[in-house]
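Structure first, commentary second.
Since every read-out is calculated from the coordinates, none of them should be taken as a lab result. Predicted model only: the values in this text are computed from it and were never measured. Every residue, glycine as well, gets a Cβ built from its backbone with ideal geometry; the counts of neighbours run over all protein chains shown.
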Amino acid sequence: MLRVKAIKTIFLWDWELEYRRSSGWFISLLFSAIVTFLTSLLIKHPSPNTWLALLWMILIFSALQIANKTFSANEGQYHYINQLVHPLELLIGKSLSSSFSTLLISLLSFLLFSFWIGFPKSSDYSMPLIPLIVSISLGSVALSFTLCFTSAIAAKVDGNASLMSILSIPLLLPTLLVSLRASKLALLGEHIEQIYPLWIGELSLCGLSLALGAILFPYLWRS
Amino acid sequence: MKAWKVTGIILVAYSMYAGLMSDVPRLVILNETIRNLYFHVPMWFTMIALLGNSLVQSIRFLLSGQDGSKVNLNLDLKAKNFAEVAMIFSLLGLFTGMIWAKATWGTYWTSDPKLNGTAVTLLIYLAYFVLRSSIEDFEKRARLSSVYNVFAFVLMIVFIGILPRMTESLHPGNGGNPAFSNYDLDSGMRMVFYPAVFGWILIGWWISSIRHRLDILKKEK
């Protein structure tokens, strides 16, 4: 039986660790800031398609950056944690905490991105910002759920960062395509009724990766 | 030789002969290239069948150690061999498709959902082989790669099965383009197409099981 308390403990434990060695957080934020700034120097007045492509490239690499260290505690710590919580509780706690940091970093990168690069010229000035932000948030959460699971696999193979990218990038494509489409419709100022099926798509991809992870994680984690 | 192997040989031989010699509908643009249907499409059916079996073997492996008994590493080996042969079939399907695309669409490669799906499938399974090769310990390798196989297969099916239907595409069966069965796969073509599909699946299965037996012999040696 899943214990909410255990999940909460894992979640809070992760956040406390992040807070104590704030370098982790700071690295992710600085990474997206640098990449965004670099992009803003390289391109001026991008078209909506280019704008979205750049934004999602930045978001996906920030998410990878965060996921890389999701399971990066050492073996000894996990021996201890495994005594206390069920693997499922560990996975869910970790997924929640990493999706939360991915969400925050994504929103901050989006803020920086729209600050330095601005919105594409062709888009309507009355463009509703809320649908765009919702699409980006749901998309980045869905990305982080998939990434959390591949990060667990990579952690079992001594946490090799490039192995992590190889394993996860092909698996991220369904999420990425749905999110790209949702944010494109939002950027072009489409009506909510046309966007929300894609939000449901993003949510169901979240659910799918979490469900798959929940089924497979106990097999992965036993040693 | 077992009956299913003989059936496979006969069906593939028949589909090759009938595929080149039988009468086909005359259609604009497609012209004689419609015969590629007998060679290009069965490759994908075979790939999916072999990957499906690879998935089944991975699940069986994960379940094998449950009751405290020893895990069966051969099941994982089988999953690997079926996935390898499936990738050969996916490459064959890709090349036959590229030739067909050049003849009808005028280019070898376009950014089409079906083509992207193939590229992603190849990447996913290449990652699976990379993952396998980067783990030394046999049991750990089997466990991690089986887990990845199951996870990746489901997301791949989402990608190649559902997403192309959401976007526009030149490929038959997508984005408003009717699949062959709707208008021009006449009964004459079905008589060659279905045997070709079953024949190639049997041949693919045979190749995979030979590879698997070879691997087991190597392991025992």
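The table below lists the values:
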{"read-out": "Nearest-0.05 FRET efficiency for A:LEU188 and B:TYR108, computed from C-beta distance (R0 51 Å)", "value": "0.95"}
{"read-out": "Net +/- balance of residues flanking A:LEU220 in space, Cβ distance below 11 Å, scoring K and R +1, D and E -1", "value": "+4"}
{"read-out": "Cross-link reach list, lysines versus A:LYS5, counting only Cα pairs under 16 Å and skipping chain neighbours closer than eight places", "value": "A:LYS94"}
{"read-out": "Averaged over B:58-70, number of beta-carbon atoms from partner chains that fall within 10 Å", "value": "1"}
{"read-out": "Most mobile listed residue (A:LEU180, A:LEU12, A:LEU84) in chain A, GNM with C-alpha springs under 10 Å", "value": "A:LEU84"}
{"read-out": "Positive-pole candidate from B:GLY199, B:ASN74, B:GLY52, dipole of the range B:3-220, charges at beta carbon", "value": "B:ASN74"}
{"read-out": "For chain B, built as a Gaussian network whose Cα springs stay under 10 Å, the top-fluctuating residue of B:PHE82, B:PHE39, B:PHE129", "value": "B:PHE129"}
{"read-out": "Rel. contact order, % - alpha carbon contacts under 8 angstrom, at least six apart, chain A", "value": "27 percent"}
{"read-out": "Longest segment of chain B lacking GluC sites (Glu not before Pro) that sit in a DSSP loop with at most 13 other Cβ atoms within 10 Å", "value": "B:1-135"}
{"read-out": "Proximal lysines to B:LYS219, defined as alpha-carbon separation beneath 20 angstrom and excluding residues fewer than eight positions away on the same chain", "value": "B:LYS70, B:LYS78, B:LYS80, B:LYS140"}
{"read-out": "Neighbouring partner chain Cβ atoms per residue of B:140-151, average, 10 Å criterion", "value": "5"}
{"read-out": "Separation of alpha-carbon centers, the range B:47-62 and the range A:190-222, rounded to whole Å", "value": "23 Å"}
{"read-out": "Charge-dipole axis of the range B:3-220 as Lys and Arg at +1 and Asp and Glu at -1 on Cβ define it, positive-most pick from B:PHE138, B:LEU27, B:THR121", "value": "B:PHE138"}
{"read-out": "Neighbour-limited loop hits for trypsin sites (Lys or Arg not before Pro), the range B:1-44 (at most 13 other Cβ within 10 Å; DSSP other than H, G, I, E, B)", "value": "B:LYS2, B:ARG26"}
{"read-out": "Student exercise, the protein assembly as shown dipole from Lys, Arg, Asp, Glu Cβ charges, in Debye to nearest 20", "value": "920 debye"}
{"read-out": "Exceeding the 29 Å Cα-Cα cut-off - candidates A:LYS69/B:LYS114; A:LYS69/B:LYS218; A:LYS44/B:LYS114; A:LYS156/B:LYS218", "value": "A:LYS69/B:LYS114; A:LYS69/B:LYS218; A:LYS44/B:LYS114"}
{"read-out": "Total formal charge among the other residues, if their Cβ is under 14 angstrom from that of B:ALA79, Lys/Arg +1 and Asp/Glu -1", "value": "+4"}
{"read-out": "Using alpha-carbon coordinates, inclination of helix B:138-157 to the longest axis of chain B, degrees", "value": "30 degrees"}
{"read-out": "Relative contact order, percent, chain B [alpha-carbon distance under 8 Å, six or more residues apart]", "value": "36 percent"}
{"read-out": "The range A:83-162, relative contact order [Cα under 8 Å, separation at least 6], %", "value": "46 percent"}
{"read-out": "Exposure rule at most 15 other beta-carbon atoms within 10 Å, DSSP loop trypsin sites (Lys or Arg not before Pro): chain A longest free segment", "value": "A:122-221"}
{"read-out": "Gain in span if fully extended, A:LEU104 to A:TRP25, counting 0.36 nm per residue against the direct Cα distance", "value": "27.4 nm"}
{"read-out": "Prolate/oblate/rounded label for the range A:41-97 (Cα gyration tensor, a/c 1.5)", "value": "prolate"}
{"read-out": "GNM result for chain B, Cα springs below 10 Å: residue of B:VAL147, B:VAL85, B:VAL130 fluctuating most strongly", "value": "B:VAL130"}
